[in-house]
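Here the structure is laid out as structure tokens; the discussion comes afterwards.
The values are calculated or read from the model by the stated rules, or taken from the named source; none is laboratory data. None of the values given here were measured: they were computed from a predicted structure. Don't worry about glycine lacking a Cβ; one is built from the backbone with ideal geometry, like all the others, and counts go over all protein chains shown. Accessible surface is based on the protein model in full, side chains and every heavy atom, while ligands, DNA and RNA are left aside. Shrake-Rupley method; radii C 1.70, N 1.55, O 1.52, S 1.80 Å.
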Amino acid sequence: MKTILFIAANPKDSVRLRLDEEIREIEDGLNRSIHREEFRLHQKWAVRLKDVRRAMFEVNPHVVHFSGHGEAEGLLLEDDSGNAVIANADALTALFRIEEGQIECVVLNACHSIHLAKAINAHVKYVIAMPNAIPDQAAREFAVGFYDAFGAGKGVK
């Protein structure tokens, strides 16, 4: 059984993304998969850094998928008021260091996340990230295609 943790943040002071559409399509694809019994999908929304940490400890995922906004400095998560706060590479890498060996793949479906991916890759075998800005629709299509292939038994590689 592969456990996927889908974490999403779309702070209220950032451009609206269709993250609900992304997870709906991912979930539909996994549910249609011939290997659907091999996956468990958990969702966490409007995440703050402490929510990411708690979810990782609670769920013990094999795959962590972040959807939202990214900047060169890190991922945009939410503060207690729902406004954007940057979770930098040091803070996020520390989480993946703690879970080293458990998490097989991290998907950073966020703009400018390549710098973060390089840092996380020291602790996780596969990290998928976006090197530049990516339109919301393209990010959704990538995610849906990735999980369609994953659900068909193609694996991360």
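I'm told Asp20 meets every condition in (1) surrounded by fewer than 15 Cβ atoms within 10 Å (Cβ to Cβ); (2) more than 15 Å from the chain's Cα centre (by Cα) except one. Can you identify the failing condition by its number?
Here Asp20 clears every test but (2).
Give me the residue from the stretch 102-118 that is outside any loop (DSSP other than H, G, I, E, B) and open to solvent by 30 Å² or more (accessible area, probe 1.4 Å) and, out of that set, farthest from Asn10 (Cα to Cα).
Taking the candidates together, the pick is Lys118.
Could you tell me which numbered condition His123 fails, if it satisfies all but one of (1) crowded, with 17+ Cβ neighbours inside 10 Å; (2) farther than 27 Å from His35 by Cβ; (3) of a type outside the set (A, V, I, L, M, F, W, C); (4) more than 15 Å from the chain's Cα centre (by Cα)?
(2)
For the stretch 99-117, what are the residues that are over 15 Å from the mean Cα position of the chain (by Cα) and without any contact (Cβ under 8 Å) to a residue 24 or more places away in the chain?
Gly101
Quick one: Asp90 ticks every box in (1) farther than 22 Å from Pro61 by Cβ; (2) open to solvent by 30 Å² or more (accessible area, probe 1.4 Å) except a single one, so which number is it?
Of (1) farther than 22 Å from Pro61 by Cβ; (2) open to solvent by 30 Å² or more (accessible area, probe 1.4 Å), only one is false for Asp90: (1).
Filter the stretch 34-57 down to residues that are touching an Asp or Glu at 6+ places or on another chain (Cβ under 8 Å) and not in a loop (DSSP other than H, G, I, E, B) and give me whichever is nearest to Gly153 (Cα to Cα). Outline the logic, then answer.
First, pick out the residues of the stretch 34-57 that are touching an Asp or Glu at 6+ places or on another chain (Cβ under 8 Å): 41, 44, 46-48, 56.
Still in the running and not in a loop (DSSP other than H, G, I, E, B): 41, 44, 56.
Working: Leu41: 16, Lys44: 25, Met56: 24 Å.
The extreme case among them is Leu41.
Are there any pairs with C-beta distances below 8 angstrom linking a residue in the stretch 1-25 that is without any contact (Cβ under 8 Å) to a residue 12 or more places away in the chain and part of a loop (DSSP other than H, G, I, E, B) to a residue that is surrounded by 14 or more Cβ atoms within 10 Å (Cβ to Cβ) and not hydrophobic (A, V, I, L, M, F, W, C), with the two at least 6 apart or on different chains, and if so which?
From the stretch 1-25, the pairs are Arg16/Asn10.
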